[in-house]
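K.L.:
Below is the structure I would like to discuss, written out as structure tokens.
The values are calculated or read from the model by the stated rules, or taken from the named source; none is laboratory data. Fair warning: this is a prediction, and the values are worked out from it, not measured in the lab. Glycine also receives a Cβ, built like all others from the backbone with ideal geometry; neighbour counts cover every protein chain displayed. Calculation scope for accessible area: heavy atoms of the full protein, side chains included, ligands and nucleic acids excluded. Shrake-Rupley method; radii C 1.70, N 1.55, O 1.52, S 1.80 Å.
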Amino acid sequence: MEKYDITGMSCAACSSRVEKAVSKLDNVQSYSVNLPTNSMTVAGSVSAEKVIEAVVNAGYGASVHDNSAKPKSFSPKQDTQ
């Protein structure tokens, strides 16, 4: 099962459009869109590229969820003069 981050959803109709787009793909066994977390899970042998393409064609943004628990750290730029 692959998890995706979805952008641009703001209502139940949006999540329904995303579900409808993904449901049309071959080799999708199951899917679930979660509006409050702006995420989606997809099970099956469909490629991430196909899932993302379907979501984008439906008018939303999508990317594979980054599962790394490692927090990103930023440091201030130091003046080298």
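K.L.:
Suppose we keep only residues that are of a type in the set (Ser, Thr, Tyr) and part of a strand (DSSP E or B) within region 22-52. Which one would you say is nearest to the chain's Cα centre (by Cα)?
P.N.:
SER39
K.L.:
For region 10-45, which positions are in contact (Cβ under 8 Å) with a residue 40 or more places away in the chain and in contact with a strand residue (DSSP E or B) (Cβ under 8 Å, 6 or more places away or on another chain)?
P.N.:
Within region 10-45, VAL18, THR41, VAL42, ALA43 meet the criteria.
K.L.:
What pairs come up if the first residue lies in region 46-69 and is farther than 13 Å from LEU25 by Cβ and open to solvent by less than 40 Å² (accessible area, probe 1.4 Å), the second is modelled with pLDDT of 95 or more and hydroxyl-bearing (Ser, Thr, Tyr), and their beta carbons are under 9 Å apart, counting only those six or more places apart or on different chains?
P.N.:
Pairs found: TYR60/THR7; GLY61/THR7.
K.L.:
So, in region 1-21, exactly how many residues are within 10 Å of the chain's Cα centre (by Cα), of a type in the set (S, T, N, Q) and over 11 Å from THR37 (Cα atoms)?
P.N.:
So the answer is 0.
K.L.:
Within region 1-35, how many residues are open to solvent by 80 Å² or more (accessible area, probe 1.4 Å) and either farther than 19 Å from ASN67 by Cβ or touching a Leu at 6+ places or on another chain (Cβ under 8 Å) (or both)?
P.N.:
7
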